[in-house]
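The values are calculated or read from the model by the stated rules, or taken from the named source; none is laboratory data. On a predicted model such as this, the values are computed, not experimentally measured, just so you know. Because the Cβ atoms are built from the backbone with ideal geometry, glycine has one as well, and the counts that use them run over all protein chains shown. Surface areas here come from the heavy atoms of the whole protein model, side chains and all, with no ligands, DNA or RNA. Shrake-Rupley method; radii C 1.70, N 1.55, O 1.52, S 1.80 Å.
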Amino acid sequence: RPFGLGHGNLERTLLHLIGSTMYFADRLNRKPPRARPDHDNTFRTPKELLDLFDVANHDLYEAIAQTVASHSLTDMLNWTDEDTDNIDPLYKVSYAVALAQMIDHSILHRTQVTDMLNLLGIDKPMDWCPFEWEQTKQRHS
């Protein structure tokens, strides 16, 4: 169902979150970005979205772990699709800013997803914090 927020509907907004998570992992790993699943105009089922999310989540987790182990938060990262020698300084950001952007971007679109679910009559509490996410995950595993 189309909504007037996010990327139009739940599937597209979730797919955008997945694609951007993959992009963020690739940039932290200083690899050229993969083809993004949100750019291929293919409809994904909830199962396919979950499978893609699991891959993206794993990749980002690993990329962040590697980043904090090998870089200072003040080190600079090329926020472009490739690492070349002549990057415009406007496209260089600290790892701290890159990580903050990843968090902010995720919060924005997760809030839109929650709003869409609420419009569908599915009540998801907005006050969930990361501790509650972890506790819920532990209870269901």
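At a glance:
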quantity	calculated
Evaluation of H58 against (1) at pLDDT 90 or above; (2) open to solvent by 50 Å² or more (accessible area, probe 1.4 Å); (3) under 28 Å from N9 (Cβ atoms); (4) not in a helix (DSSP H, G or I) (one fails), failing number	(4)
Residues of the range 16-32 that turn out to be touching a residue at least 60 places away in the same chain (Cβ under 8 Å) and either within 19 Å of F3 (Cα to Cα) or open to solvent by 50 Å² or more (accessible area, probe 1.4 Å) (or both), as a count	2
Given (1) hydrophobic (A, V, I, L, M, F, W, C); (2) under 22 Å from L5 (Cβ atoms); (3) within 16 Å of the chain's Cα centre (by Cα); (4) part of a loop (DSSP other than H, G, I, E, B), number of the condition A35 does not satisfy	(2)
From the options T13, T74, T80, T45, residue that is open to solvent by less than 60 Å² (accessible area, probe 1.4 Å), touching a residue at least 12 places away in the same chain (Cβ under 8 Å) and of a type in the set (V, I, T)	T13
Extreme residue, surrounded by the most Cβ atoms within 10 Å (Cβ to Cβ), among residues of the range 105-130 that are assigned to a helix (DSSP H, G or I) and over 16 Å from the mean Cα position of the chain (by Cα)	M116
Scan of the range 83-100 for residues that are without any contact (Cβ under 8 Å) to a residue 24 or more places away in the chain and either touching a Lys or Arg at 6+ places or on another chain (Cβ under 9 Å) or assigned to a helix (DSSP H, G or I) (or both), ordered by number	P89, L90, Y91, A96, V97, A100
Flag for A69 being aliphatic (A, V, I, L, M), assigned to a helix (DSSP H, G or I), closer than 23 Å to C129 by Cβ and over 15 Å from the mean Cα position of the chain (by Cα)	no
Residue in the range 84-104 that is at pLDDT below 85, under 22 Å from N29 (Cβ atoms) and surrounded by 10 or more Cβ atoms within 10 Å (Cβ to Cβ) present	yes
